[in-house]
1. Just how large is the dipole of segment 212-323 about the Cα centre, in debye to the nearest 20, putting +1 at every Lys and Arg Cβ and -1 at every Asp and Glu Cβ?
2. Once the dipole of the chain is set up with Lys and Arg at +1 and Asp and Glu at -1 on Cβ about the Cα centre, which of ASN113, ALA33, ILE49 lies farthest towards its positive end?
3. Can you give the relative contact order of segment 150-190 as a percent, counting alpha carbon pairs under 8 Å and 6+ residues apart?
4. With just the Cα atoms defining each centre, how far is segment 260-318 from segment 36-96? Give it in Å.
5. What does the extension gain come out to for VAL69 and TYR52, with contour length at 0.36 nm per residue minus their alpha carbon separation?
6. Anything over 21 Å Cα to Cα? Flag those among LYS38/LYS280; LYS256/LYS311; LYS130/LYS224; LYS38/LYS311, in the order listed.
7. For segment 44-176, rounded, prolate or oblate, judged on the Cα gyration tensor with a ≥ b ≥ c (square roots of eigenvalues), a/c < 1.5 rounded, else prolate if a/b > b/c?
8. Explain nothing, just the number: dipole magnitude of segment 34-79 about its Cα centre with +1 on each Lys and Arg Cβ and -1 on each Asp and Glu Cβ, in debye rounded to the nearest 20.
Amino acid sequence: MPYLITLCALLFFESEIFAQNPVIQTHFTPDPAPMVYKDRVYMYAGDDIPGYDFYYMTKWRVYSSSDMVNWTDHGSPISLESFSWARDRAWAAQCVERDGKFYWYICAQTVNNDMAIGVAVADSPTGPFKDALGKSLITTGNWSNIDPTAYVDDDGQAYLYWGNAHLYYVKLNTDMISYTGDIVEIPQTVESFGGLRRPGRSDEVLQKREEYNDVFVEGPWFYKRNGTYYLMYAGMTKGGECLSYATSDTPIGPWKYQGKIMSEQPTNSFTNHGGVIDFKGKSYLFYHTGLLPGGGSYGRSSAIEEFAYEKDGRIPVIAISRQ
Ligand code: FUB
């Protein structure tokens, strides 16, 4: 099967791909991060390697579409080799545009074995990308330094959120590759995230999942719509990760828990990881499942659902479609 996928990938490289869910059928594409630029949607994703029993990923991928149906494969503009400080685990990432430049925030395991966040920059959404700093941007020796999500607010202030178990943000400078001020940890209260994260080892948390329903786990996705700030995230449930969200009137909280967007079933993957966009008058949730043949928790694929916000801006509960 892996050989078949590789062969298909070679045949389809830089060609149009008809897509359903999973959107991309030629590679495993976890952690989809959509970006709208001009009249196209760009989808940045990871690259699960089937056959491993962990998230041992080595590169990131880009696809684009003008109609959300036909996707162009732009290959893999960056990999662990693009970052001299990275040695393993090319995990979730997001690319954002500012003033015609594209900043692809990634996370990876460092040569010191912790996780760190770095940023690659390009003049085009598909690259070529170059490590902007030659070192990581967020380096605190912390395993929670994963899953960056960036947003440039209307007043020009950009924010970078990220985290696993702990949720952090920092204010980015206008160069998008440095920051000013302290890294701030967002308090995890029941009001903000629907559950409390107790101090303790992660296996203790896992054994008591029912006590941690919806609590923030990872995969934040930060954006603003009609004056409301949204923070979608992967929350913990008994059966795996769900997608939940909180909202705020300010970019730095306090956050108010709003409920689940997508339940943990039946994605055939322990993790989920989402992104939300508006494109050509419609709203879309990007997420991942293990539903591509040969897939599972370590062979995850991007999927998309169209949805409509409720009148008051709430996101409805969204079902997984298997087309
Ligand atoms: O893909 C590796 C990790 O799994 C991501 O960083 C998390 O969000 C989870 O999807």
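Readers should treat all values here as calculations from the given coordinates under stated rules, not as data from a laboratory. A quick note: this is a predicted structure, and the numbers were derived from the prediction, not measured. For neighbour counting, all protein chains shown are included, and Cβ atoms are generated from backbone atoms with ideal geometry for every residue, glycine included.
1. Values: 11 positive and 10 negative charges, 32 e Å.
With only Lys, Arg, Asp and Glu charged at Cβ, the dipole is about 160 debye.
2. About the Cα centre, the residue reaching furthest to the positive side is ILE49.
3. 29 percent
4. Each part's Cα centre sits 17 Å from the other's.
5. Between VAL69 and TYR52, full extension yields 3.1 nm more.
6. LYS130/LYS224; LYS38/LYS311
7. Oblate, since a/c reaches 1.5 and b/c is not below a/b.
8. Charge dipole, segment 34-79, about its Cα centre: 200 debye, nearest 20.
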